Structures are given as C-alpha cells and as structure tokens.
1. Quick check on this structure: which one of 62, 98, 24 is in contact with a Leu (Cβ under 8 Å, 6 or more places away or on another chain) and either touching a residue at least 60 places away in the same chain (Cβ under 8 Å) or not assigned by TED's automatic domain parsing to the domain that holds residue 115 (or both)?
2. What pairs come out if I take residues in region 334-355 that are at positive phi and pair them with residues that are part of a helix (DSSP H, G or I) whose C-beta lies under 8 Å away, six or more apart or interchain?
3. Please work out if residue 111 is assigned by TED's automatic domain parsing to the domain that holds residue 303, within 15 Å of residue 341 (Cβ to Cβ) and either in a loop (DSSP other than H, G, I, E, B) or within 18 Å of the chain's Cα centre (by Cα) (or both).
4. Among the numbered conditions (1) more than 30 Å from residue 255 (Cβ to Cβ); (2) surrounded by fewer than 17 Cβ atoms within 10 Å (Cβ to Cβ), tell me where residue 163 comes up short.
5. Is at least one residue of region 125-138 within 18 Å of residue 67 (Cβ to Cβ), at pLDDT 95 or above and either of a type in the set (Ser, Thr, Tyr) or part of a strand (DSSP E or B) (or both)?
6. Just checking, how many residues over region 246-255 are under 19 Å from residue 224 (Cα atoms) and either touching a residue at least 60 places away in the same chain (Cβ under 8 Å) or not assigned by TED's automatic domain parsing to the domain that holds residue 303 (or both)?
7. Counting only residues that are among the charged types (D, E, K, R), over 21 Å from residue 186 (Cβ atoms) and in a loop (DSSP other than H, G, I, E, B), which one in region 28-57 is modelled with the highest pLDDT?
Amino acid sequence: MNVGIVGGGAVGLTAARDLAVRGADVTLFEAGTIPNEGESTARAAGVLYDAFAAPEDARVGARAIERFREFSGTGGFEFVETPYVWFARTGDEKRAAAIREQVPRMREHGRDVAFIHASELEERYPALNAEDIGVAAIARNTGRTDPGSYARMMAAEAEKNGAEIRTETEVRVRLDGTAADGKPQIFPDDDHGEPFDAIVVAAGAHTKRVLAEAGIPVALKPYRVQALTCAFDADTPMLYDATEGYYLRPHPEGLLAGDGTEEVESDPTDWKHASDAAFETAMHERLAHRLDFEADDPTIERAWAGLCTATPDYDPLLGELRPNCYVAAGWQGHGFMRSPALGEAIAEDVLGEGGIPEFDPKRFTGDEEFEIVEGMAVD
C-alpha cells in the first residue's frame, strides 16, 4: 500500500513510522523542518498525562503514555516521570464540583488518580503555595518531555523502517484523481502530482486550508496560545490551575508555564509568533503567587506563541473523511500528549485495522458554527 502523509508533526510522524513498520510504502511531506520550530509540535508544552474522564479519551491517553514509555531512551527521546496536579481555588465551586466528578470517573477507567489535600501538597513540595487550593487531584501515570526530541526520534524511526520524509516541501492535495486512475494525489509542485492509495492530512493548523484547497470543508479552527520559561530550581509537580486556566511544569530552564488562549480563529499563515506583554505580566504574577522564588521575582527567559486547533465538540477529527483521504487534526491542545496513540490509530484506520469511531470526522459537515474553547478548561 502506498500512503502519502501531509504534515511532519508528532501525529503525522508517528503514523508514518507505524505504517512503515506494517509494510506500507510511506512518503511524508513537511513544509518546514523536523521539528518545525514555527509549528505546533515544537511549541507544545510537553506535558504528558492520561487523566481523562471520557472513556475514549482515557483509552487514548493510556495508550499514549504506554508508548511514550516504550520509546523512552530511543534516539535522544526521554519520558521524565513527573506527577500532574490540577486544582480549583477556594470559592470556585463550579470547577471544584467538576474535579470531584472527574476523579471517580477517571478511576473507573483505570487511571491512577486520587484527591490530594493542599497540606499534603505543601508538605511534598515546600516551594509550593497551596493555601488557596480548595480541591485538588493528582495523577501519577504522567511525565514530561521535550516535544522536539520526540519528533526527531520518530522521524528517524520512520526512515529506519523505510519511510521517505521530504522536508521543506509545501504541497497541495487533489482527490479527483483524473491523472492517476482515481487515486488521490499530492502535488509537491503545480505541475506534477504523485498518486497514492491513501493520503493522510495531518498538517496541524494548516489542515483546514489544505483540505479547503481540495474542495473539502472541515469543522476546524486554529487558535493562538502562549507560553514562557523562567528560572526556578525547587521541586514542583506539573500543575494546572483550573480556576485561572494556566499550567506549569519543570523544564531544563527552570519552569515552563502557559495559557494565553485567544478564543478567536487565527490565520495559520499570518499570526503573531511572539508573546503578548499582558500575558507575560499575568504569568509573572501567577508564578510569584504560586511558588516561592525566595528573594527574586520570576525571571522570564523566553516567551512565545503557538497554534492549537479546535472542533465543535472538542474531540479530534481522526479518520476517513473522503474515500482514501484521511484527516488527523483538531487536538484542542492535547495533540502532542496523545500523539503516540493518535498516530497509531490513524495508521490502523488506513490499513483497515480499526480506528476510533468517536472521533470520526464525518460527524460534521464542515460548515458548523462554533466557538473556540480553551482545551484544558475544567467545567
């Protein structure tokens, strides 16, 4: 089977590797480099957890963590064990109730999660200020990593198993197949199309544009998020403040923290890559409140923006959209952390071995009106 993949992010690369391992003839096209420093994988947070309450999300999360562990130690990629804690502040009854409801459901699906008291958090992590935490939970089958290292490792594994990866190659897609006996085609240039038995469009924020050029509408909106790193040398878990909607995790530079979600659609070809001053100020105040930086305020080392993609129901578009044309996009900020499982699932779908029915992209017509909602939000 001859498969063309558009997009060299974590999901596309995983699919390329898994298809190649199963004997498919795979060609992957990436418009930039691997990792592409301007796109989603390279700018991802690197937070990895399986703490999901919905059954399909719990299955995908569990499989993703399992595979991250399997690949750890390969080609410079490392899965670093780190607990994940999420909480609602005292007085935030809406999100506190949501966390109280989530944890039992997660446990029903076999997730290693539990409630944890604020005093225990402060005892375990002396640099953490937990006095305003009302309800908190901790997940233990969790970790962190450098997303770029995963992309580089997976590209090497794909090539080792026979896949061809073409970087710096922007393409367009045609499904009419007039020059290829009905097969879909990928055009690396305007004049020469390459036919494939199946194509997978996993182009992140560019997926909507690539498919629109082929005459296929999809219910997908790119949106902008922001993150930064700062110096910090005390022990801390990965944290998500559900009340204020920001996260932080240990990082080689100290800490990585982010939110800055813009709930408006972004143009993936023309968007602001730099962070906003208001975001940096807000995160500075949050970090200074949450953690003990001793005599010094948080010192921002780097700050940037990236793009995520939203769908009407917050679930991905993963599967066959048109005959022999598959889509893998719409991660709501959870794409990288689930990429080993999502890439595996789309590869299996292409080979007729399965897929994830709940994520079937044909559940939408592509002309739905919907609002963008931040992907990690606890409601």
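1. Details: 62 fails: in contact with a Leu (Cβ under 8 Å, 6 or more places away or on another chain); 98 fails: in contact with a Leu (Cβ under 8 Å, 6 or more places away or on another chain).
Just one listed residue meets the conditions, 24.
2. 354/345; 354/348; 355/345; 355/346; 355/348; 355/349
3. On the way: assigned by TED's automatic domain parsing to the domain that holds residue 303: yes; within 15 Å of residue 341 (Cβ to Cβ): yes; either in a loop (DSSP other than H, G, I, E, B) or within 18 Å of the chain's Cα centre (by Cα) (or both): yes.
When the stated conditions are applied, residue 111 passes them.
4. (2)
5. As a first pass, look at region 125-138 and keep what is within 18 Å of residue 67 (Cβ to Cβ): none.
Within region 125-138, not a single residue is within 18 Å of residue 67 (Cβ to Cβ), at pLDDT 95 or above and either of a type in the set (Ser, Thr, Tyr) or part of a strand (DSSP E or B) (or both).
6. Taking region 246-255 as the starting set, the residues that turn out to be under 19 Å from residue 224 (Cα atoms) are 246-248.
When the remaining residues are screened for being either touching a residue at least 60 places away in the same chain (Cβ under 8 Å) or not assigned by TED's automatic domain parsing to the domain that holds residue 303 (or both), the result is 247.
Result for region 246-255: 1.
7. Narrowing region 28-57 to residues among the charged types (D, E, K, R): 30, 37, 39, 43, 50, 56-57.
From the residues that got through so far, the ones that are over 21 Å from residue 186 (Cβ atoms) too are 37, 43, 50, 56-57.
Filter once more, keeping what is in a loop (DSSP other than H, G, I, E, B): 37, 43, 50.
Working: 37: 69, 43: 78, 50: 97.
It comes out as 50.
Matching residues to (1) touching an Asp or Glu at 6+ places or on another chain (Cβ under 7 Å); (2) not assigned by TED's automatic domain parsing to the domain that holds residue 133:
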| position | (1), (2) |
| --- | --- |
| 258 | no, no |
| 267 | no, no |
| 273 | no, no |
| 338 | no, yes |
| 345 | no, yes |
| 349 | yes, yes |
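The values are calculated or read from the model by the stated rules, or taken from the named source; none is laboratory data. Just so we're clear, the structure is a prediction, and the values are computed from it rather than from any experiment. Heads up, the Cβs are rebuilt from the backbone with ideal geometry, glycines too, and the neighbour counts pull from every protein chain shown.
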